[in-house]
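> Okay, here's the structure, questions in a sec.
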Amino acid sequence: MFVLVINILSTILNILNRRLNMIKIIFILNAIFYFPMWISKTLHPIYWESTGKIELFSVSYVAMALVGSFAFIYVGIIRKCSLPISLAIGFFLYSLGLILRAFPINIETALISGIMAGIGASIVGLALKRLIIEIDVTVRDKVILHSNNIFTISQSLGAVLSGALVSIVGIFSTDSYQIALLITGFLTMSSFLFIPWKTEFSCSDFNVKSSTASSTVTTLDFIVSNKSLFFYAFISMFVLGVSSAIILPLIPIFMKKIGFSINKIGFILFLGVTTGFILKNTYIYLFSNTRKKTSDLLFFSILNAMIIYFSFFCFTMKWTLAYAVMIIFFYAFRTMNALLIEIIEMSMVDKKNLMIFFGITQTSFLSGDIIGGGIMPILYKKNILTHYPFILSLLILLGTVLFVLCAKSSDLRKTYVTE
């Protein structure tokens, strides 16, 4: 029986690999990764807060960010392992981490969940970027845009369907949140059907092998020779990581406190992400080759900082409708900022060193996640953000300004282009 199951799965994998080209596989894997992620991101803090385990949620969040902050190590593993194996390891660990989120039992479970999800998500994220690097340069920009679109669509659908999923499961069980979280883990497991097991990948772009020592650029050499780049990149992504770790888990909680049901929370988040999807595609279609990306990043970051400030004001005044509008615009501008950062980041260094750069920036962002996730419960319980709403606004502006300085660093113009 076991052999029969293996043969059936092998046949399915062969059919899928023959019918799907690499670009389609990238899109499918992105959807499988991000769709369950955003269902879980919406339900996880609400479920754990409702069980009185918001502190354990913080432990899990920090653990996930902590292990994810070792991205520079995972880059080395990915560069030495086959890409399909890296994807399989990442998706497997991430799936188990999501499944364990359904059990807010004790600190041990919270830690294991965060560690597995953190390592898995970090490996998957880096491996998916490496897949994009493997794509021909003539279509790579379009693949980046559409991968980002898939992220946005998955985010919006995950947010809106999280409420629907809880409602549907609630018809059959009283443990609707728990079962919904379990479903996200099993959805992620389906990625194994689409991993390109039989595809051969080039190693030349990553300097895994070299005929002479002088032609190999080590991680340390690259960092040392680009000190200014990495100083601004590390600090900027660290600050942005802190701000994200504070605000994103709290938005569903604040929305519930102001009176929105889980279905309305999901719908409002859906509207925000959908607005962002329309905004960024319109921007790329109209202004992709005519405007400076760094200037536009500053512009949208200023708008986002203002939106965050006024959202806390609306929350304090209990202006329900105005608060919902602020959240919609927050997600829209945040989506735009994420795309601009990714476009700028992809052109900062040459192709052969991109994985090193991604590892460092992901490490710094998740290091900020650790700090932000650790102080988030304190800020929440002491109502610091509602009393001092400018804190998050300043963090976002500071992180963006430092990132722009990174992109404009004059002593690195030989290794990257800013536009």
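No value in this document is a laboratory result; all are computed from the given coordinates. All values derive from a computational prediction rather than experimental measurement. A quick note on method: Cβ atoms are made from the backbone with ideal geometry, for glycine too, and the neighbour counts reach across all protein chains shown.
> For Cys81 and Ala164, calculate 0.36 nm times their separation in residues minus their Cα-Cα distance, and state this gained length in nm to one decimal. Mind showing how you got there, number by number?
Numbers: separation 83, 0.36 × 83 = 29.88 nm, distance 3.96 nm.
Answer, rounded to one decimal: 25.9 nm.
> Please report, for the Cα atoms of the stretch 266-397, the Rg to one decimal and the Dmax as a whole number; what are they, in angstrom?
16.7, 52
> While we're on this one: What full-extension length gain, to one decimal in nm, is calculated for His387 and Leu193 as 0.36 nm per residue of separation minus the Cα-Cα distance?
Values: separation 194, 0.36 × 194 = 69.84 nm, distance 4.91 nm.
So the chain would gain 64.9 nm between His387 and Leu193.
> Now, a different point. Please give the net charge around Leu248, taking every other residue with its beta carbon less than 13 angstrom from that of Leu248, where Lys and Arg add +1 and Asp and Glu add -1. Don't skip to the end; give the middle numbers.
Values: positive: Lys41, Arg334; negative: Asp369.
My count for the surroundings of Leu248 gives +1.
> Among residues other than Thr386 whose Cβ falls under 14 Å from its Cβ, what is the net charge (Lys/Arg +1, Asp/Glu -1)? Spell out each step's value before the answer.
Numbers: positive: Lys257, Lys318, Lys381, Lys382; negative: none.
Residues near Thr386 contribute +4 overall.
> What length, rounded to one decimal in nm, is gained on full extension from Lys408 through to Met317, with 0.36 nm per residue of separation minus their alpha-carbon distance?
Details: separation 91, 0.36 × 91 = 32.76 nm, distance 4.09 nm.
Using 0.36 nm per residue and subtracting the Cα-Cα distance, I get 28.7 nm.
> Among 312-320, 39-47, 226-234, 96-104, how do they line up by average Cβ neighbours within 10 Å per residue, starting with the highest? Walk me through the intermediate numbers first.
Numbers: 312-320: 16.0, 39-47: 24.7, 226-234: 18.9, 96-104: 22.6.
Descending mean neighbour count gives 39-47, 96-104, 226-234, 312-320.
> Which distance in Å, rounded to a whole number, links the C-alpha centroids of the stretch 300-371 and the stretch 21-82?
17
> Would you be so kind as to identify which of Ile119, Ile73, Leu96 lies farthest towards the positive end of the dipole of the stretch 42-147, taking Lys and Arg as +1 and Asp and Glu as -1 on Cβ and the Cα centre as origin?
The residue sitting most towards the positive pole is Ile73.
> In what order do Met189, Met336 fall by count of nearby beta-carbon atoms within 10 Å, going from fewest to most?
Working: Met189 17, Met336 25.
Least crowded to most crowded, the residues run Met189, Met336.
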